[in-house]
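Asks: Before I ask anything, let me first share the structure, which is written out below as structure tokens.
The values are calculated or read from the model by the stated rules, or taken from the named source; none is laboratory data. Computed from a predicted structure; not experimentally measured. Reconstructed Cβ throughout: ideal geometry from the backbone, glycine too, with neighbour counts over all protein chains shown. The accessibility values were calculated without ligands, DNA or RNA, using every heavy atom of the protein model including side chains. Shrake-Rupley method; radii C 1.70, N 1.55, O 1.52, S 1.80 Å.
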Amino acid sequence: MTGERVQAPRTAWMNRMRAEVLRMRRLDVAKIVHVGWAIASFADSDGTNCHPGTDTIATIVGSGEETVSRAKKVLKALGVLTEKRRPNDNSEYLLHQPVGAAPLDWEAHLYLYTDTRSARRKKKEKEQELAAHLAKREAELAEQRNPVQNGVRNPVRNGDQDSRNPFPPGVPEGPDPVPAGGSEPPSQPPGTRSGTGSEPGAERVPEPVPAGGGQRVINKGPDKEGAGPGSWPSLSPGEGPERQIASEEGETQPPLLAAVPEPPRRTRRKTAPAGSTQPPLLISVPGQTPPTPDEIQQTVSELGVAGAMRRYGRDLVLRELNNADSQRPRAGARTVPAEWKVPCGYCEAPAETACRSSAGLRGVAHQGRLEAWNVAYAKCPRCEAAPEEQCTNSDGTPLYGIHAERADLGADMRQIADQQPQTETGT
């Protein structure tokens, strides 16, 4: 024999997880391994017979049950832990030593631990806050922009000289500009602008321009001077400056403007009276209608309680059996679950009655009631504890709870007992 020390599988597994934490040096990895250590503390030396509850693990590590569930997902994804679910009992775990000395790929599976509902909510709130800040900043910048930046063209800055002409095409803009301080005599009569000759020239009368030009005649009324010779004709609605200019030139029939047709009015859709509304169609979907009490009773009589539970579910069958027993007590055979023989220490339900919760009757018995039935009627295959005796450890000390083998045996015995009718005495 060599002097080399051989570690137990559980000890080797815990040492490997500790080395991974020291290698990664991350807080989330440390929390995940802490959960793994708490699970491994319940296992035997070979890494088996480990079935602690999620609430128990959460109490040991000092976190919530949701955190424990997320940590188990990462360990199972890495292949170092296996979870086997059991009906009406805690899950059973098995420790697996990583193959080889290669480091574990934590980065590929850490999203299972970090992607929580709280993290997603905070990320969404941060995105909304950033979008609101950007919108506010854009509005402030839009208010500070000048007309050129807002899409209004500035003709002076852009060098567009034609857009500065206020007169439409065909209308004279006025006299040509005269250079100031010229020594040569002007070729035309001097005007009244600065830099021209001192002799006054003939005043130039502007020609009438059509509507839309830069000049217009203002009617000052009969009591004002300077209105011009003659009386101004009264303008009827629809007549503009074109009618006024045409009357001054002597035209008797001015051109009439074409009338603009009115847009067609949109008629409101007439709503049908409330009495003629068709009621919604109610279509029954096959398989979705809950079974009637008579159907459940008939299935129980034909297939037994176990067959009825497989067809309609345990909750509906137990509720119907309890209602039938409370409404019409029967003499002779009674078909009730086997675990009802013992009272429930959790909800204090007496024997021959279903367990209760804050919402009413429960379809499944409490775990404490199932363990009490197993202790009372099943012999433990592991520690050889007789019925009505508590399970013990290998050293003879009382065990907290019962062994898994005794729980499995009790479940099989209850399933067989459910298929047999029981008398009023429960035998």
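Asks: In this structure, does G79 turn out to be touching a strand residue (DSSP E or B) at 6+ places or on another chain (Cβ under 7 Å), closer than 21 Å to R18 by Cβ and either modelled with pLDDT under 95 or open to solvent by 40 Å² or more (accessible area, probe 1.4 Å) (or both)? Lay out the reasoning, then the answer.
Replies: Details: touching a strand residue (DSSP E or B) at 6+ places or on another chain (Cβ under 7 Å): no; closer than 21 Å to R18 by Cβ: yes; either modelled with pLDDT under 95 or open to solvent by 40 Å² or more (accessible area, probe 1.4 Å) (or both): yes.
Considered against the rule, which asks whether it is touching a strand residue (DSSP E or B) at 6+ places or on another chain (Cβ under 7 Å), closer than 21 Å to R18 by Cβ and either modelled with pLDDT under 95 or open to solvent by 40 Å² or more (accessible area, probe 1.4 Å) (or both), G79 comes out as no.
Asks: I need the full set of residues from the stretch 351-371 which are of a type in the set (A, V, I, L, M, F, W, C), touching a helix residue (DSSP H, G or I) at 6+ places or on another chain (Cβ under 9 Å) and either part of a loop (DSSP other than H, G, I, E, B) or open to solvent by 40 Å² or more (accessible area, probe 1.4 Å) (or both), in order please.
Replies: First pass over the stretch 351-371, keeping only residues of a type in the set (A, V, I, L, M, F, W, C): 351, 354-355, 359, 361, 364-365, 370.
After this cut, where a residue has to be touching a helix residue (DSSP H, G or I) at 6+ places or on another chain (Cβ under 9 Å) as well, the list is 351, 354-355, 361, 364-365, 370.
Passing the criteria: A351, A354, C355, L361, V364, A365.
Asks: Taking V61 as meeting all but one of (1) open to solvent by 80 Å² or more (accessible area, probe 1.4 Å); (2) in contact (Cβ under 8 Å) with a residue 12 or more places away in the chain; (3) not acidic (D, E), write down the number of the exception.
Replies: The failed condition is (1).
Asks: Test D44 against the criterion of being within 25 Å of Q367 (Cβ to Cβ), open to solvent by 50 Å² or more (accessible area, probe 1.4 Å), assigned to a helix (DSSP H, G or I) and acidic (D, E), and give yes or no. Walk me through it before giving the result.
Replies: Details: within 25 Å of Q367 (Cβ to Cβ): yes; open to solvent by 50 Å² or more (accessible area, probe 1.4 Å): yes; assigned to a helix (DSSP H, G or I): no; acidic (D, E): yes.
The answer is no for D44.
Asks: If you don't mind, another one. Output the residues belonging to the stretch 66-114 that are more than 30 Å from Q367 (Cβ to Cβ) and in a strand (DSSP E or B).
Replies: Once the filter is applied, which keeps residues that are more than 30 Å from Q367 (Cβ to Cβ) and in a strand (DSSP E or B), the stretch 66-114 yields nothing.
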